[in-house]
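Visitor: Got a structure for you, written out below as structure tokens; questions coming shortly.
The values are calculated or read from the model by the stated rules, or taken from the named source; none is laboratory data. This structure is a prediction, so every number in the text was calculated from the model and none was measured. A quick note on method: Cβ atoms are made from the backbone with ideal geometry, for glycine too, and the neighbour counts reach across all protein chains shown.
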Amino acid sequence: MMKRASALALLVVLSTAIAAQDGVPRPSDLSSDSLIASTTGDKTKVMSQKEKASAPRKSIKKAFFLSLLVPGVGEHYVGQRGYTKGFLASEALIWSFALLSRYQGRLWKDDYITFAAVHAGANPQRRDDGYYKDIYEWPNSYWYNEYQWVEARDLYPDDPAAQAAYVADRLYSEADAWEWRDYQEWERFRSLRVKSESAYRRFTYAVGAVLLNHGLSAVNAARLAKRYNQKQVKRRLSWDLDLWPCPDGLTLRVRGDF
């Protein structure tokens with residue numbers, strides 16, 4: 001009788017210690033459908049322990065492609081609202097900078113086209129970059145045309161037909177001719193063009209930053225989905241230790257949920 005009582009006391013102590021260490025309630029105190037209260041803000045949500053353990057897994061691919069499409073959406077799908085706000089704010093800031101840069105580039109391009117037409121006699125109907133690049137580099141179209149003939153004669157010294165064919169699509173006609181008479185005006189034109197080109201480059205960099213933001217968000221969403229699933233697996237790996245009386249004494253039962 002004393003041995004049975006000692007064994008009973010030892011098993012009760014062991015069961016209590018293990019339950020306290022693992023934070024797992026004993027079945028005598030909490031059934032498999034016992035309720036766990038979780039509070040969010042002013043609202044209290046109640047779910048059964050079984051429902052919490054069987055929460056659905058998050059698709060890593062879905063989280064990845066959602067954020068690849070719109071940064072932050074994959075994080076929202078996983079339940080990480082803080083990341084969602086951060087990536088969406090970054091997306092808005094980058095696009096604002098990109099659109100501002102493009103607007104500045106177009107505005108300064110209009111300015112240097114008008115300036116070249118007024119002060120150098122350039123053709124304002126032309127908006128191709130190559131034309132204004134030549135106006136940027138050459139003080140007048142006459143010198144530019146002469147240089148094309150020099151190159152043609154160097155390349156085809158004994159072939160006038162080949163020389164003419166070489167310069168045919170490189171020479172500027174009178175309608176597209178220009179001439180800078182004031183060096184300061186030429187420098188002003190060059191300054192406007194540099195500003196425009198710099199703004200368009202910033203737009204290109206901003207588009208690259210947008211793509212980078214999408215990629216980072218996609219990788220982050222996939223990482224968060226994987227971590228979420230790992231936590232769900234750990235929740236399902238739980239076990240209980242029970243003591244049940246029987247005619248011959250006590251029965252020790254270990255119950256696991258894997």
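Visitor: Consider only pairs whose beta carbons are under 7 Å apart and that are at least six residues apart or on different chains; among these, list those whose first residue lies in the range 154-177 and is without any contact (Cβ under 8 Å) to a residue 12 or more places away in the chain and whose second residue is of a type outside the set (Gly, Ala, Ser) and in a loop (DSSP other than H, G, I, E, B).
Guide: Correct list of pairs: ALA162/TYR156.
Visitor: Continuing with the same structure: Given the options VAL207, VAL219, VAL118, VAL194, name the one that is closer than 30 Å to PRO56 by Cα and hydrophobic (A, V, I, L, M, F, W, C).
Guide: VAL219
To keep it simple, each residue is scored yes or no on (1) within 26 Å of TYR77 (Cβ to Cβ); (2) in contact (Cβ under 8 Å) with a residue 24 or more places away in the chain; (3) touching a His at 6+ places or on another chain (Cβ under 6 Å); (4) of a type in the set (Gly, Ala, Ser).
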{"residue": "GLU185", "(1), (2), (3), (4)": "no, yes, yes, no"}
{"residue": "ARG188", "(1), (2), (3), (4)": "no, yes, no, no"}
{"residue": "GLU197", "(1), (2), (3), (4)": "no, yes, no, no"}
{"residue": "ARG201", "(1), (2), (3), (4)": "no, no, no, no"}
{"residue": "THR204", "(1), (2), (3), (4)": "no, no, no, no"}
{"residue": "LEU212", "(1), (2), (3), (4)": "yes, no, no, no"}
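Visitor: Does the range 229-240 contain any residue that is at pLDDT below 95, of a type outside the set (S, T, N, Q) and in a strand (DSSP E or B)?
Guide: yes
Visitor: To continue, here is another question. TRP149: within 29 Å of ASP110 (Cβ to Cβ) and either out of contact with any Leu (no Cβ under 8 Å at 6 or more places or on another chain) or of a type in the set (Val, Ile, Thr) (or both), yes or no? Full working, then the answer.
Guide: On the way: within 29 Å of ASP110 (Cβ to Cβ): no; either out of contact with any Leu (no Cβ under 8 Å at 6 or more places or on another chain) or of a type in the set (Val, Ile, Thr) (or both): yes.
Here the answer is no, as TRP149 does not meet what is asked.
Visitor: Out of the residues in the range 139-161 meeting the condition of being among the aromatic types (Phe, Trp, Tyr) and closer than 18 Å to ALA116 by Cα, tell me which one is surrounded by the most Cβ atoms within 10 Å (Cβ to Cβ).
Guide: Of the residues in the range 139-161, the ones among the aromatic types (Phe, Trp, Tyr) are 142-144, 147, 149, 156.
From the residues that got through so far, the ones that are closer than 18 Å to ALA116 by Cα too are 142-144.
Values: TYR142: 13, TRP143: 10, TYR144: 18.
Among residues in the range 139-161 that are among the aromatic types (Phe, Trp, Tyr) and closer than 18 Å to ALA116 by Cα, the one surrounded by the most Cβ atoms within 10 Å (Cβ to Cβ) is TYR144.
Visitor: Hey, among the residues in the range 79-98 that are in contact (Cβ under 8 Å) with a residue 60 or more places away in the chain and in a helix (DSSP H, G or I), which one's surrounded by the most Cβ atoms within 10 Å (Cβ to Cβ)? Step through it out loud before you land on a result.
Guide: If we filter the range 79-98 for residues that are in contact (Cβ under 8 Å) with a residue 60 or more places away in the chain, which is where we start, we get 79-80, 83, 87, 90-91, 94-95, 97-98.
After this cut, where a residue has to be in a helix (DSSP H, G or I) as well, the list is 83, 87, 90-91, 94-95, 97-98.
On the way: TYR83: 20, PHE87: 25, SER90: 18, GLU91: 18, ILE94: 20, TRP95: 15, PHE97: 16, ALA98: 19.
It comes out as PHE87.
Visitor: For the range 205-236, what are the residues that are of a type in the set (S, T, N, Q) and either at positive phi or surrounded by 14 or more Cβ atoms within 10 Å (Cβ to Cβ) (or both)?
Guide: Taking the range 205-236 first, the residues of a type in the set (S, T, N, Q) are 213, 217, 220, 229-230, 232.
Listed by number, the residues that qualify are ASN213, SER217, ASN220, ASN229, GLN232.
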